[in-house]
Amino acid sequence: MKNLWFRNGLCFAVLSALVAGLLVWNINAGSVDFTPGEVLSILLSPPDSGIIWSIRMPRVLAAAILGGALSVSGFLLQTFFANPIAGPFVLGISSGAKLVVSLVMVVLLSRGIVISSLSLIAGAFAGSMLSMGFILLLSRQVKRMSLLVVSGVMIGYICSAVTDFVVTFADDSNIVNLHNWSLGSFSGTSWDNVGQMAWVIGIALALAFLLSKPIGAYQLGEVYAQNMGVNIRRFRVELILLSSVLSACVTAFAGPISFVGVAAPHLMKGLFRTAKPIIMIPACFLGGAAFCLFCDLIARTAFAPRDMSISSVTSVFGAPVVLYLMASRKGGRGETS
Amino acid sequence: MSDICLCTEALSVGYNGSTLIHSVGLTLRRGQIMTLIGPNGAGKSTILKTVIRQLAPTGGAVYLDGRNMADLSEREIARRLSVLMTGQIRPELMTCFDVVATGRYPYTGRLGILTPEDRRKTVQCLELVHASGLADQDFSRVSDGQRQRVLLARALCQEPEVLVLDEPTSFLDIRHKLELLAILKEMVHARRLAVVMSLHELDLAQKVSDWVVCVHGDVIERQGPPEEIFTSNYMMELYGEARGSYNAQFGSLELEAVHGKPEIFVIGGGGAGIPVYRRLQREGIPFAAGVLTENDVDFPVAEALAAEVVSVRAFQTVGEEAFQRAAAVMEHCGKVLCPATEFGLVNEKNRLLRDLAQSCGKLDEI
């Protein structure tokens, strides 16, 4: 017992240190180099309009917050589908969000209306729910986890195709913006954005954490969860809404980011050697944050001054994890009845 | 306080609003094991799933402690009723202790953190099912028998009054079947639990149940104490025109007899004949058995498997008349086997039969 507390505490300490370290490193690194001492002095001084305060800080914080959100969203979906390779991107939920957000952007921009972040989040949420609806319908027919993932990928392709179609009707000036966004990137995040995402994601995470007891029960399957006293109908709706809000928020601000939702929770389960939601929800947040900070660091610095899309970096590190999971776990959903 | 803890009233069960079985009237008392039997697909599981609210009733209601379950909150039900269902679960990275501890769910707080008391009860339940050694093992890696015991511990950890089990012994070997049912029986006596379960194994159902419910067609065809239900005739009726027969005394099943002119005569008695009868049946050779008193252990098996049985009434000596009948049957058989080795006052004539066979050169080694 004592050992377990100690072990978990140590893991959390290491993770937090990792996130903090990556935050600092991310702020340091870039086309204009700073030493840690310089960064510290700039951070301690009042906010100014320099590179650190106005460009790097918001971007770095966004990477951490959105990465964490994606990872928790993935964990919730994995529990829901009893499938370790479920995640917002893999199931096509991010692509659904992308589709609706592009539609909103193209329609509103062409009429010269300025888009608020909230309407982007709302659009992304609507798109997420659209894909989610399809996946839920399919999951009744398709019980094998690999087939469900294939279906998700197909939904992703359909949404991407429609998005491309929509983009061809956009004004030339918007296409560049839209194109950058639809590949996924943390660049261009403002302090306002950071505030908005922190609110939405903070509330969603707190609610998810409060649900950790029924989530734990649900890991034994629906029948047992119901018998333990979980109101299944309400719980399923709550889980779907929360995971969709989290991934929608990410897509609204940074576009679709691939595989974080599968890779980060898997790595965290390996680190903590448990799937208990009360530990996994905070752990996944920190893990996802670290994962995205690391990937964004590479995206920014590998071919500096050119930015790579964040998705191509997360794919490089995340997709092998998905392949490994597919190959190592035979059989299907956790429960067959 | 009434002894009845679960009852159903004019309950109809089925899927998607269409009724599969109607007028289900069950009454379960404390300290009682009620078993649902019936052919595959009869709807035993459907009834159980409705009782645990996995399916909504298509009519009628289920009462738990005299209150309609539809009016009870999830937590109130969880504290009174727990389940062990057939679906296999493979939760990620959970030890057997973790799985059993989920039974504390209706008693823990908002975040489900276990108190020392909860942990103590979890350990206790693992001990009850003789699975203390499994506490730290990964649940998805234990054997089928261990898994069922751990899940039973989980159900007990919920401290229910009613336990619902759907075919708890499927996939278990005979040792684990007996072990599981023995633990269940202990619990029922020690904690005055009420158990309702479905079983495939008629022999076990007959031995373990206090009340048996037969699900057949779209109704509960019959219910009562096992001695009223497990009769050879009714079992054959319940399971349709099965190819074989059911022995009510032993609760055992025999395959179909090989019909035709007997080729071999078997002189049995006292249990020595049974293995030979079974072997001949397997090999598809029609045979005759004799001479058996009707209270001999060989007799029911011979009756089920032999093409012809020469017998005398219970507690009667094998007389001259029976000997002659047997000799007549033996004459038409090409071979005689004599597994019987014990001869006494009652079956002295069987020794004479053997000698007769030997003198004709028909007696063969077994």
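Applying the criterion of being in contact (Cβ under 8 Å) with a residue 24 or more places away in the chain and of a type in the set (Ser, Thr, Tyr) to the residues of segment B:227-261, the residue that is surrounded by the most Cβ atoms within 10 Å (Cβ to Cβ) is B:Tyr246. Taken over segment B:131-140, the criterion of being within 12 Å of another protein chain (Cβ to nearest Cβ) and not in a loop (DSSP other than H, G, I, E, B) is satisfied by B:Asp138, B:Phe139, B:Ser140. Taking the criterion of being within 14 Å of chain A (Cβ to nearest Cβ) and of a type in the set (A, V, I, L, M), the residues of segment B:35-61 that qualify are B:Leu48, B:Val51, B:Ile52, B:Leu55, B:Ala56. Of the residues making up segment B:80-100, those that are within 8 Å of chain A (Cβ to nearest Cβ) and under 29 Å from the mean Cα position of the chain (by Cα) are B:Leu81, B:Ser82, B:Val83, B:Met85, B:Thr86, B:Gly87, B:Gln88, B:Ile89, B:Arg90, B:Val99. Of all residues in segment A:106-121, those satisfying the criterion of being at pLDDT 80 or above and farther than 13 Å from A:Phe253 by Cβ are A:Val106, A:Val107, A:Leu108. The set of residues in segment B:299-326 that are part of a helix (DSSP H, G or I) and under 22 Å from B:Ala257 (Cα atoms) comprises B:Phe299, B:Pro300, B:Val301, B:Ala302, B:Glu303, B:Ala304, B:Leu305, B:Arg325, B:Ala326. Among the residues of segment B:262-293, which ones are in a helix (DSSP H, G or I) and either without any contact (Cβ under 8 Å) to a residue 60 or more places away in the chain or out of contact with any Pro (no Cβ under 8 Å at 6 or more places or on another chain) (or both)? Those that are in a helix (DSSP H, G or I) and either without any contact (Cβ under 8 Å) to a residue 60 or more places away in the chain or out of contact with any Pro (no Cβ under 8 Å at 6 or more places or on another chain) (or both): B:Ile274, B:Tyr277, B:Arg278, B:Arg279, B:Leu280, B:Gln281, B:Arg282, B:Glu283.
Taken over segment B:23-75, the criterion of being touching a Gly at 6+ places or on another chain (Cβ under 6 Å) and closer than 23 Å to B:Leu202 by Cβ is satisfied by B:Lys44 alone. Identify the residue in segment A:303-337 that is modelled with pLDDT of 75 or more, part of a loop (DSSP other than H, G, I, E, B) and not aromatic (Phe, Trp, Tyr) and, among all such residues, is surrounded by the fewest Cβ atoms within 10 Å (Cβ to Cβ). Selected residue: A:Arg306. Can you find a residue that is closer than 29 Å to A:Asn83 by Cβ, buried (at least 18 other Cβ atoms within 10 Å of the Cβ) and charged (D, E, K, R) anywhere in segment A:222-229? Yes, segment A:222-229 has at least one match.
Checked against (1) assigned by TED's automatic domain parsing to the domain that holds B:Glu161; (2) surrounded by 17 or more Cβ atoms within 10 Å (Cβ to Cβ), B:Arg191 passes all but condition (2). Of all the listed residues (B:Asp364, B:Asp296), the sole one being in contact (Cβ under 8 Å) with a residue 12 or more places away in the chain, under 22 Å from B:Val258 (Cα atoms), crowded, with 18+ Cβ neighbours inside 10 Å and not hydrophobic (A, V, I, L, M, F, W, C) is B:Asp296.
Checked against the criterion of being touching a His at 6+ places or on another chain (Cβ under 8 Å) and surrounded by 12 or more Cβ atoms within 10 Å (Cβ to Cβ), the candidates B:Ala302, B:Ala307, B:Ala322, B:Ala357 yield just one match: B:Ala307. Considering only residues that are basic (Lys, Arg) and either under 15 Å from B:Gly273 (Cβ atoms) or touching a strand residue (DSSP E or B) at 6+ places or on another chain (Cβ under 6 Å) (or both), which ones fall in segment B:325-350? Answer for segment B:325-350, where residues must be basic (Lys, Arg) and either under 15 Å from B:Gly273 (Cβ atoms) or touching a strand residue (DSSP E or B) at 6+ places or on another chain (Cβ under 6 Å) (or both): B:Arg325, B:Lys335. For segment B:150-166, a residue qualifies if it is surrounded by 19 or more Cβ atoms within 10 Å (Cβ to Cβ) and assigned to a loop (DSSP other than H, G, I, E, B), and the qualifying residues are B:Gln158, B:Pro160. Within segment B:118-162, the set of residues being closer than 26 Å to B:Arg29 by Cβ and among the acidic types (Asp, Glu) comprises B:Glu159, B:Glu161. Just checking, does segment A:78-94 include any residue being more than 21 Å from the chain's Cα centre (by Cα) and modelled with pLDDT under 90? Within segment A:78-94, not a single residue is more than 21 Å from the chain's Cα centre (by Cα) and modelled with pLDDT under 90.
In the condition set (1) within 28 Å of A:Ser328 (Cβ to Cβ); (2) away from chain B (no Cβ under 14 Å); (3) touching a helix residue (DSSP H, G or I) at 6+ places or on another chain (Cβ under 7 Å); (4) surrounded by 18 or more Cβ atoms within 10 Å (Cβ to Cβ), A:Ser146 is compliant with all but (4).
Scoring A:Arg300 on the criteria (1) assigned to a helix (DSSP H, G or I); (2) free of Cβ contacts under 8 Å to residues at least 60 places away in the same chain; (3) not small (Gly, Ala, Ser) leaves a single failure, condition (2). Scan segment A:57-81 for residues that are of a type in the set (Phe, Trp, Tyr) and surrounded by fewer than 24 Cβ atoms within 10 Å (Cβ to Cβ) and the total you get is 2. Over 28 Å from A:Asn83 (Cα atoms), more than 14 Å from chain B (Cβ to nearest Cβ) and out of contact with any strand residue (DSSP E or B) (no Cβ under 7 Å at 6 or more places or on another chain): is that true of A:Val166 in this structure? So A:Val166 passes the test. Take the conditions modelled with pLDDT of 90 or more and surrounded by fewer than 19 Cβ atoms within 10 Å (Cβ to Cβ) and apply them to B:Gly17. Does it pass? Answer is no for this residue. Just to verify a result, which residue in segment B:62-76, among those that are more than 15 Å from A:Glu222 (Cβ to Cβ) and touching a helix residue (DSSP H, G or I) at 6+ places or on another chain (Cβ under 8 Å), is farthest from the other protein chains (Cβ to nearest Cβ)? Checking each candidate, the answer is B:Tyr63.
Among all positions in segment A:128-137, there is at least one residue which is crowded, with 23+ Cβ neighbours inside 10 Å and either free of Cβ contacts under 8 Å to residues at least 40 places away in the same chain or not hydrophobic (A, V, I, L, M, F, W, C) (or both).
The values are calculated or read from the model by the stated rules, or taken from the named source; none is laboratory data. Owing to the predicted nature of the structure, the values given are computational and were not obtained by experimental measurement. We place every Cβ from the backbone using ideal geometry, glycine too, and count neighbours over all the protein chains shown.
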